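The values are calculated or read from the model by the stated rules, or taken from the named source; none is laboratory data. Since the structure is predicted, the reported quantities are computational estimates derived from the model, not experimental observations. Because the Cβ atoms are built from the backbone with ideal geometry, glycine has one as well, and the counts that use them run over all protein chains shown.
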Amino acid sequence: MKPMCEKVIPSSNSSWRFVKYELPSIDFCWHYHPEYEICLTLNSKGLRYIGDHIEEYSEQELVCIGPHMPHTWHSGANEDESTQVVYVAQIPKVWLDSQVAEHPEMQGLQEMLIRSSRGVLYSSESTAQALCLFQQMESADPFSRYILLMNLLNVMIQDNQSKLLSSRFFTYDDKTDSGIDKLDRVIEFIYDNFDQALYADELAAIAHMSTNHFHRFFKKRTERTLTEFINQLRIGKACKLLINSNHPISVISDRCGFNNISNFNRHFLSIKGCTPSLFKKSLRLKHAQ
């Protein structure tokens with residue numbers, strides 16, 4: 001199942017979109033868009049899908065999702081038939097990135113926007129503050145709503161308990177940093193060849209570095225070793241195939257670059273906390289409910 005590309009239209013007299021949904025349940029709608037999205041769910045419980053990350057959610061929670069990251073929430077009706085609420089802010093990447101680039105006061109957002117490429121879950125304290133701000137947005141004029149959005153972003157960047165969700169990694173396109181160009185080339189090569197054997201000396205040559213220097217460079221830039229990054233990418237790709245296809249696990253293992261099924265199972269268990277077969281079984285059970 002391929003994600004659907006959603007067309008986002010900004011709210012009236014605004015550079016971004018604010019919307020409040022009131023629903024009996026949340027339908028599964030696997031989609032993506034080029035905007036940053038801040039989503040707060042309230043009085044709802046079910047499954048949250050962000051990239052290759054699948055997790056149960058309940059009550060209220062705040063999540064930020066970067067551009068082009070496939071995502072959806074899925075819930076059934078509440079037992080008491082009460083309404084589920086979803087607040088959403090969708091912010092064009094070009095607009096927000098330019099705000100950060102042009103205003104020194106907003107430099108603190110830069111790291112958060114990079115992290116959003118993997119999806120970020122925020123603490124209960126931040127969620128409570130965000131709920132208050134979203135509620136104020138409902139009746140606010142466009143300028144006041146803009147101020148409330150800045151307050152919301154400020155709450156999020158100060159949350160030191162936030163958690164990354166998806167294993168997928170996107171590079172930050174800052175052409176003033178020559179190291180980013182090198183990292184882009186290496187990661188593009190890894191993405192294009194993840195199903196084949198990958199060697200550090202080969203990747204170091206692409207970055208025009210010695211192998212030892214490349215290992216240090218890669219760890220500093222991605223906060224993971226090269227091996228960790230490649231294995232997480234391969235497992236992420238495997239999760240997508242497990243979600244979106246009916247291929248046997250042995251076929252998925254081979255397509256994702258693992259040299260044998262036991263090696264695949266070991267890395268999958270280490271990264272996802274369960275075996276591929278249990279992961280696939282849990283998906284069937286959740287969809288059957």
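Residues that are among the acidic types (D, E), within 27 Å of H71 (Cβ to Cβ), modelled with pLDDT of 80 or more and under 25 Å from the mean Cα position of the chain (by Cα) do not occur anywhere in segment 207-226. Quick one: would you say P70 is more than 30 Å from G273 (Cα to Cα) and either surrounded by 13 or more Cβ atoms within 10 Å (Cβ to Cβ) or among the hydrophobic types (A, V, I, L, M, F, W, C) (or both)? In short, no. Among the residues of segment 9-49, the ones that are touching a Pro at 6+ places or on another chain (Cβ under 8 Å) and of a type outside the set (K, R) come to 15 in all. Cβ separations smaller than 9 Å between residues 6+ apart or across chains give the following pairs from segment 13-28 residues that are over 16 Å from T41 (Cβ atoms) and touching a residue at least 60 places away in the same chain (Cβ under 8 Å) to residues that are charged (D, E, K, R) and surrounded by 13 or more Cβ atoms within 10 Å (Cβ to Cβ): S14/R145; W16/E35; W16/R145; R17/E35. The residue of segment 94-109 that is farthest from P67 (Cα to Cα), among those that are in contact with a helix residue (DSSP H, G or I) (Cβ under 6 Å, 6 or more places away or on another chain) and in a helix (DSSP H, G or I), is M106. Any residue in segment 35-42 that is surrounded by 13 or more Cβ atoms within 10 Å (Cβ to Cβ), in a loop (DSSP other than H, G, I, E, B) and in contact (Cβ under 8 Å) with a residue 40 or more places away in the chain? Among the residues of segment 35-42, not one is surrounded by 13 or more Cβ atoms within 10 Å (Cβ to Cβ), in a loop (DSSP other than H, G, I, E, B) and in contact (Cβ under 8 Å) with a residue 40 or more places away in the chain, which makes the answer no.
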